[in-house]
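Novice: Here's a structure for you.
The values are calculated or read from the model by the stated rules, or taken from the named source; none is laboratory data. These figures come from a predicted structure and were not determined experimentally. Please note: Cβ atoms are built from the backbone with ideal geometry, for glycine as well, and neighbour counts cover all protein chains shown.
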Amino acid sequence: MRTGSHVMSLLAVSLNVQVLEALDERPLALAELRRQIGHPPVTTMRSYLRRLTALQVVDRRQEADFPGSVSYAITDPGKDLLAVTAVLRRWLVEAPAGPIELGDLTSKSVIKALVDGWDTGIIRALAARPLSLTELDRVIPTVTYPALERRLTAMRQMGLIEPDPECNGRVVRCRVTDWLRRAVGPLTAAVGWERRSCPEAAAPGKLDAEATFLLAAPLLDLPAALQGSCRLAVEFRQGSELAFAGATISIVEGKVDSCVSRIEGTPDAWVTGSVLDWFRWVRGSEHRIELGGELSVARALADGFRDALMAGAAT
C-alpha cells in the first residue's frame, strides 16, 4: 500500500468510524459500546477493537472496581483520525452524482476505487495528462492490462475519471475529474496522520508528492495579477542523502499555465519542506517550510496550495 491508503481503507469500514465517534463522547464498556453502534456480534466487535487498539487510536482499560471488566477510550491519535474522517466525509458529500454517506456501500466502492488508483500509480499518471488504457499499460508495467482495465472501469463508474472530450478518433483517453482533484484533501490528511501516528506505514515517496501537486494545481485560486514560475518540492531522506520531488508551476495572469513534475532549472520562486512540514503548513501549525526567490510568487503558491487542500475540511 502507498502512503495514505491504509487510513483511507480503515475509514471505509463503517464500524471503525462508529466506534471512534461513540468513544469521542466518553469511555464506554464493551456492552454499552455495542448498544450505541447497533449491536454488532461480540466476536466482530472484539476483532475490530483489537485492530484499533493495535493502531493506538483506542485504549483498552482494565476497570479496578470490577475484576475482568474493561472499558474503551479514544486516544489523541484517535481524535486526530476523526479529523481525517471529517475531511473524507465532506469530500464524499461533493460527489458529482449526489452526496455519498461515509460508511454506506457506495462510499466503500468509491474509496476502494480511489485507493486502487492511488496505489497503482494510475492517479499520478492521469494527473499529468489524459491517457488511454494502452498508454497507461506502457506507463505502469507493474500492473497487468486486465487489472488496469478493471481499475479504470471502477474509477469511471465512481466519477473519479471521465473521457477526455478533446480526444479525436477512436482512441478514448481518460482524464481526472474535478472531484478526484479535490480528493487531495482527504488523501493529504491521511498521509499526515500516518506520518505522525503510524510510522510503520509506508513512507511517502516521489510519486506521492508529484501526484499531490499535479492534482491540486488546477484548483489554485491565485491573485489575478500574479506572474511567474514556482517550484514546489518535498524533501525526502534517503539514508544520509536528501532527495526532492514535486512540481514546477507556471502562472500567467493569475492562472496556472502549466504544471510539470520536473523540478530542475531556475524558477522565479520556490517552496521546499519535508512531508511533515508541508502537512504542518497546511494545518497552519509550526513548520519549517522554506520560501525563496520572488517571495510574492512563492507565498501566493504556498497559500493557494494550502487553501486548495483545506477547502471544505474541518479545521
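Novice: For G185, indicate whether it is more than 26 Å from R280 (Cβ to Cβ) and in contact (Cβ under 8 Å) with a residue 24 or more places away in the chain.
Specialist: In short, no.
Novice: Just checking, does the stretch 200-220 include any residue being assigned to a loop (DSSP other than H, G, I, E, B), without any contact (Cβ under 8 Å) to a residue 60 or more places away in the chain and either surrounded by fewer than 20 Cβ atoms within 10 Å (Cβ to Cβ) or not basic (K, R) (or both)?
Specialist: So far as the stretch 200-220 goes, yes, one or more of its residues are assigned to a loop (DSSP other than H, G, I, E, B), without any contact (Cβ under 8 Å) to a residue 60 or more places away in the chain and either surrounded by fewer than 20 Cβ atoms within 10 Å (Cβ to Cβ) or not basic (K, R) (or both).
Novice: Those residues that are touching a residue at least 60 places away in the same chain (Cβ under 8 Å) and surrounded by 20 or more Cβ atoms within 10 Å (Cβ to Cβ), I need them from the stretch 158-181; list them, please.
Specialist: Within the stretch 158-181, L180 is the sole residue that qualifies.
Novice: Being within 26 Å of the chain's Cα centre (by Cα) and crowded, with 18+ Cβ neighbours inside 10 Å is the filter here; which residues of the stretch 49-74 pass it?
Specialist: L49, L52, L55, V57, V58, I74
Novice: Filter the stretch 250-276 for residues that are acidic (D, E) and within 12 Å of Q227 (Cα to Cα) and give the result.
Specialist: E253, D257, D268 - these are the residues of the stretch 250-276 that are acidic (D, E) and within 12 Å of Q227 (Cα to Cα).
Novice: Still on this structure, I have one more. Under the condition of being farther than 18 Å from A308 by Cβ and surrounded by 15 or more Cβ atoms within 10 Å (Cβ to Cβ), which residue from the stretch 273-296 is modelled with the lowest pLDDT?
Specialist: The qualifying residue modelled with the lowest pLDDT is L276.
Novice: Output the residues belonging to the stretch 1-33 that are surrounded by fewer than 18 Cβ atoms within 10 Å (Cβ to Cβ) and not small (G, A, S).
Specialist: M1, V13, L15, Q18, E21, D24, E25, R26, P27, L30, E32
Novice: Oh, and also: Working carefully through the options V143, V171, find the one that is in a loop (DSSP other than H, G, I, E, B) and more than 22 Å from the chain's Cα centre (by Cα).
Specialist: The conditions single out V171.
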